[in-house]
Structures are given as C-alpha cells and as structure tokens.
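Read the figures in this text as sums done on the coordinates, not as results from a lab. Being a predicted model, the structure only gives us computed values, none of them experimental. Glycine also receives a Cβ, built like all others from the backbone with ideal geometry; neighbour counts cover every protein chain displayed.
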Amino acid sequence: MIIQYLYFALAILGIILFIFLIKKFFKWLQNRISKLESNIFFSNTKFAQFFRFITPRRERHILTFLLRLLRISIIITFLVLYLPFLFSLVPQTKEYADVVIGYIKKPLFFLYEGLIGFIPNLFFIVVIFFVTKYLLRFLKYVTNELEREAVRLDGFHADWARPTFNLLRVVIIAFALIIVFPYIPGSDSPAFKGVSIFFGILFSLGSTSAISNIVAGIVITYMRPFKVGDRVKIGETIGDITERSLLVTRVRTIKNLDITIPNSSILGNHIVNFSINAAEDVGIILHTSVTIGYDVVSNEVIKVLIEGAKKTEGILSDPSPFVLIKSLDDFYINYEINAYTKDPKKAAVLYSMLHQNIKDELHNAGIEILSPHYHAVRDGNVLTVPPENIPKAYKKPGFKIEN
C-alpha cells in the first residue's frame, strides 16, 4: 500500500515537472520570437503578395498567440492521458480511473475504426484527384496551343480557347466532387445532408442575377461581338473594352471613365463595334452634315467638302471621301460628307478636325453655311439659284400695289 502511495506521489511530481519544463521551453521560444526583425512564414514571395498587411510585428503577435494555444493544448492532452494512469495507482480511485480510460478509449477506437474503414475510400479519392489534376493540365496545354494558334480547329476561334477551358474546368471539378462526395466520411449523416440542402437553397435564392450574368457572359463569348481593346458602343456608353469576364464587362470611355456593365444588360442592348471593320476591311466611315443654300452650285460644294476631308489628318485618301445629298429642306440643301479612317479610337478628335477643315474650306470659297437657321426678308425680285442658272430673258418683277 505504501509503495502505491509512493508511486502516486512520484507521478504527481512528474506532472509538476512536465508543466515546469513545458513552461520553460515555451518561454524560451517566446524570447526567440520577440527578437525577430523580419518575417519567417510570410517572407515567401507568394505569401508576401497575398498577406502584405502582415508586418514582422504582426507576425510576432500571431506566433505568440499560436504558441500559447499550443502550450495549453499540450498540457490538456497530457493531463487527459496521464490522470487516468495516476488515479489507477491508488485503490480508492482505481474505479474512477477505469471509467475515465473507457471514456478516452471509446472515441479513440471510433476514430481508429473509421480511419481503417476509410482507407479504401481514400485511395479512390486520391485516384480521382490525380486523374482530374492531370486532365486539367492536358486541357490547359491544349488551350495554350489554341491561343497561340499552333493548333487550329475548323470553326473554333483562338479567343474561344480560354473561356472554353474555364467552363470545362468548372464542369470537370464539379463532376469530380459529385463522384467523390459519397466516399467522404459522414457524407450520409443527416447533419451533413442538412447542411448541403441549406447551402443549396441559399445559393439558388441568392445567385439568380449572378447566374443570368454568367449565362449572358457565355453567350457573349461565343457570339464574339467584341474583344478586349475594341472601341464599342453599348447602349449609350462609348469606349474601349478593358476587361471581359463571365459576370461583367468593363469599358473605359473616351472621357477616361471606367464603367462596369453586367453581361445580362449587354445581351439586352445593341452592340456597335467600331474596331472590327477598321482593322479587317477598308476602315469605318466618319460622316457629318452641313447645310448650304440653294443659290450655291452643288458641284462646287461637293468639291470643297471633299477637299476639307482630305486635309484632315487620319482620314484615308483611298478610298476617297464622298458626298451624299441627304435632303432638300425648306431653307437649304443638306450635304453629308463621308470619309474613311482606320483609327476609330480617335473618332472624337477626327470629327473635330474634320469640322474645322470643312468650315475653313467653305469660308475660303465664299460659301455660307446656313446653320443655324435664319430668316431672310425677300420681295421675290431675286431668284435663289446660282447666277449662271438664271435665264437670260429673266426680268425682275416689281411690287404691285393696288388701292
């Protein structure tokens, strides 16, 4: 009996010694950490870019907290495993020690049996993981080749490669998760099923607009109405495409404003692309109108307008600018000058220069622009036609005043 109590006392001293040594060890670690002047765990380039806010001082605080948590966990684990042994040394507490040991053994045996039973499923999950991983690597390689146009498929455009890979990646990963799901421990438990249903309902209720944007983004991708860098008009917005994703499209306007447009809105609007024909065809046509009186010869007006267009920097001389007579209005003739350019991104500047050159050329030719409207008081004595078109026998009528 005395021997047993002696062992009991030695065991208590062992607990005190263990806690004392643990405290000394962690205090030594704490002193080492407090002297750190640079990051250890967050010094890696990838970590540093992602966790820029973690300075050396903050990392010391994090490590101090983790050390304290580790010390408490070690002490609790030691006491849970050591106290049953301690109580088993004394006959009066041996019964309680057996009960505590039984409480400890039950979850440990459960975990052990679960782990042994999970090993076949684990092999299956590992196989699915590696098959999925290398399938995605192969698809990524094919995608890169299609983007570089080293490999070509009939009817498949190079700019479809990346979006198609992203879609296939989502489908493949989702399919792999569906296959793996039944082999995850606890997947058939009511709690696991309840959580899955909850998140499914939450996703379906909160992602209606997001899904519509994703569907619209997929449709836009394969419609190919524009690509990054194109000058477009979407609704009332005119600008250059800076980013295109499954959810939104970003446009930088000519006033240098960044506008984010949901893809569902784009799909419901007319899309005007100024860049496609400018790059692949003879260019796009810039056009503007000017109104001239009936007393000016049309051929002279047309010649002056074309000359003004040709003097505009950025306007192509081939194909040559041309003029259309749009309408014969009440006060003037409406002429439309059309000119080709291959630089639609400078359309605002080109229009400004074109208007300036047209105005200067018309003024130099002595031709008056009838815009805005003005009212002239006429007595009918002069015809508003070019002088050379007035009949030689024409006589100016006078006023007839009757009493």
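Here are a few things to note about the model shown:
- Each residue of segment 310-323 was assigned a 3J(HN,Hα) from its phi angle through the Karplus expression (A = 6.51, B = -1.76, C = 1.60, θ = phi - 60°), giving 5, 7, 7, 5, x, 8, 6, 7, 9, x, 6, x, 9, 10 Hz with x at Gly and Pro.
- Length gained when the stretch T208-R252 is fully extended (0.36 nm per residue, less Cα-Cα span): 13.1 nm
- Taking GluC sites (Glu not before Pro) across segment 128-183, the ones in a DSSP loop with at most 14 further Cβ atoms lying within 10 angstrom of their Cβ are E149.
- For segment 287-336, the list of GluC sites (Glu not before Pro) that fall in a loop by DSSP and count at most 14 other C-beta atoms within 10 angstrom reads E313.
- Taking each of K255/K310; K255/K345; K255/K303; K27/K105; K255/K342; K311/K345 in turn, the alpha-carbon distance tops 23 angstrom for K255/K310; K255/K303; K27/K105.
- For segment 281-292, the Karplus equation 6.51 cos²θ - 1.76 cosθ + 1.60, evaluated at θ = phi - 60°, returns couplings of 10, 6, x, 9, 9, 8, 9, 8, 10, 9, 10, 10 Hz by residue, with Gly and Pro reported as x.
- Amide H partners (placed H, <5 Å) of F274, local residues excluded: R231, V232, K233
- 3J(HN,Hα) couplings calculated from phi for segment 226-238 with the Karplus curve 6.51 cos²θ - 1.76 cosθ + 1.60 (θ = phi - 60°) are, in sequence order, 7, 9, 4, x, 6, 8, 9, 10, 10, x, 9, 9, 10 Hz; Gly and Pro show x.
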